[in-house]
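Please read the structure below before turning to the comments.
The values are calculated or read from the model by the stated rules, or taken from the named source; none is laboratory data. Just so we're clear, the structure is a prediction, and the values are computed from it rather than from any experiment. Positions of Cβ are generated from backbone atoms using ideal geometry, with glycine treated the same way; all protein chains shown enter the neighbour counts.
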Amino acid sequence: MKLLIFIVLLVLFVVYLKRTDRISYKYTSKGKFEKRTTPCIITGAIDHWDAHKLWSFEQFMDRFRDTKFMFADRVDSMKFIEYNDYCRTTTDDEPLYIFDASYGVRPDTKSLLNDYDTPEWFSDDIFEQLGDMRPPYQWFIIGPTGSGSDLHVDPLGTSAWNALVQGKKEWFIFHPDAPIQQGKKSGAAWIRDEYPMYRHLKHQRIIQNPGEILYIPPGWWHIAINRKPSIAVTHNYLHPNNLEGAKSIILRERPDIYQKLFLD
């Protein structure tokens, strides 16, 4: 009887917690990747980045000591020296984490753009046509253990790629059709308070390690939790293959962008 119960539980685990594919950037063609409709971990795409040598809490203490960064929450920006101290000592239930969308244009942080490049697989982006109308699409991310995002879907029908340079992240990803609502808690607090409502749903629970990219197609619910102090960069983009599916979302949420892309 105990063996039967174990087998049943194992089957349920396999059904509801699906393993995420891991694919090689070197041995997979761009065309094959672009046919994907499910999330995956991509290896070998960012091995050449200078960020691997330049992005660490210690390096940033020298490089950005008195530079202010923006946070995910609606709180005032903070100098990195202050944030570094916060990360080492915080006991917050939902730790603050840097989620900076303007680093690429501010004079004191734009040098970060020189430390990495966009992998070719993600280079086709309809939103590049928008110029100054383009919504925020790139974020520089730093956070202590336990910090992270809330549960969400990326905006305007976009896909996302998240490249981890230092640390370790855990991701929870749910199918677009899952009966889920936008999360109210972030990071580890979400696991404690909100995950119990959704753990029975089929989903993927993924560990992302340094040097790996997580790809998330349009519409998939996801949340990231830092399991170690982490540094990453993420971009959203609208691939031409996904344009038709994004039209109704863009019309509803950004009619000005819809006008620019489809009517002008």
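Filter the stretch 117-157 for residues that are of a type in the set (A, V, I, L, M, F, W, C) and touching a His at 6+ places or on another chain (Cβ under 9 Å); which is farthest from Ile191 (Cα to Cα)?
Taking the stretch 117-157 first, the residues of a type in the set (A, V, I, L, M, F, W, C) are 121-122, 126-127, 130, 133, 139-142, 151, 153, 156.
Among the residues that remain, those that are also touching a His at 6+ places or on another chain (Cβ under 9 Å) are: 122, 126, 139, 151, 153.
Working: Phe122: 30, Ile126: 35, Trp139: 23, Leu151: 10, Val153: 17 Å.
Among them, the one singled out is Ile126.
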Hey, any hits in the stretch 162-169 for a residue that's within 16 Å of the chain's Cα centre (by Cα), small (Gly, Ala, Ser) and at pLDDT below 95? no
Count of the stretch 93-135 residues which are free of Cβ contacts under 8 Å to residues at least 12 places away in the same chain and assigned to a loop (DSSP other than H, G, I, E, B): 5
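Show me the strands (runs of 3 or more DSSP E) found entirely inside the stretch 136-214 where at least 1 residues are free of Cβ contacts under 8 Å to residues at least 60 places away in the same chain and surrounded by 18 or more Cβ atoms within 10 Å (Cβ to Cβ). Give the derivation first.
On the way: elements: 138-143, 159-174, 203-208.
Counting at least 1 such residues, we get 159-174.
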Can you tell me which residue is surrounded by the most Cβ atoms within 10 Å (Cβ to Cβ) among those in the stretch 215-264 that are over 24 Å from Gly131 (Cα atoms) and in contact with a Gly (Cβ under 7 Å, 6 or more places away or on another chain)? Ala224
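Counting only residues that are of a type in the set (Phe, Trp, Tyr) and either outside any strand (DSSP E or B) or at positive phi (or both), how many does the stretch 215-231 have? If you could, list the steps in order and put the result at the bottom.
If we filter the stretch 215-231 for residues that are of a type in the set (Phe, Trp, Tyr), which is where we start, we get 215, 220-221.
Next, from what is left, pick out any that are either outside any strand (DSSP E or B) or at positive phi (or both): 220.
So the count comes out to 1.
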Go through the residues of the stretch 173-190 one by one and say whether even a single one is within 13 Å of the chain's Cα centre (by Cα) and hydrophobic (A, V, I, L, M, F, W, C). yes
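Being among the charged types (D, E, K, R) and within 26 Å of Trp171 (Cα to Cα) is the filter here; which residues of the stretch 226-264 pass it?
Residues of the stretch 226-264 that are among the charged types (D, E, K, R), as a first pass: 227-228, 244, 247, 252-254, 256, 260, 264.
Those that are among the charged types (D, E, K, R) and within 26 Å of Trp171 (Cα to Cα): Arg227, Lys228.
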If we keep only residues of the stretch 72-82 that are in contact with a helix residue (DSSP H, G or I) (Cβ under 9 Å, 6 or more places away or on another chain) and within 17 Å of Ser230 (Cα to Cα), then the residue surrounded by the fewest Cβ atoms within 10 Å (Cβ to Cβ) is Ile81
Could you please find all residues in the stretch 50-71 being in contact with a strand residue (DSSP E or B) (Cβ under 7 Å, 6 or more places away or on another chain), part of a loop (DSSP other than H, G, I, E, B) and either surrounded by 11 or more Cβ atoms within 10 Å (Cβ to Cβ) or at pLDDT below 95 (or both)? Trp55, Ser56, Thr67, Met70
Candidates Ser248, Ser159, filtered to the one that is among the polar types (S, T, N, Q) and over 27 Å from His52 (Cα atoms): Ser248
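Considering only residues of the stretch 83-115 that are among the aliphatic types (A, V, I, L, M) and farther than 16 Å from Val165 by Cβ, which is surrounded by the fewest Cβ atoms within 10 Å (Cβ to Cβ)? First the steps, then the outcome.
Here is the first cut: in the stretch 83-115, the residues among the aliphatic types (A, V, I, L, M) are 96, 98, 101, 105, 112-113.
Now drop any that are not farther than 16 Å from Val165 by Cβ, which leaves 96, 101, 105.
Values: Leu96: 21, Ala101: 14, Val105: 9.
In this case the residue turns out to be Val105.
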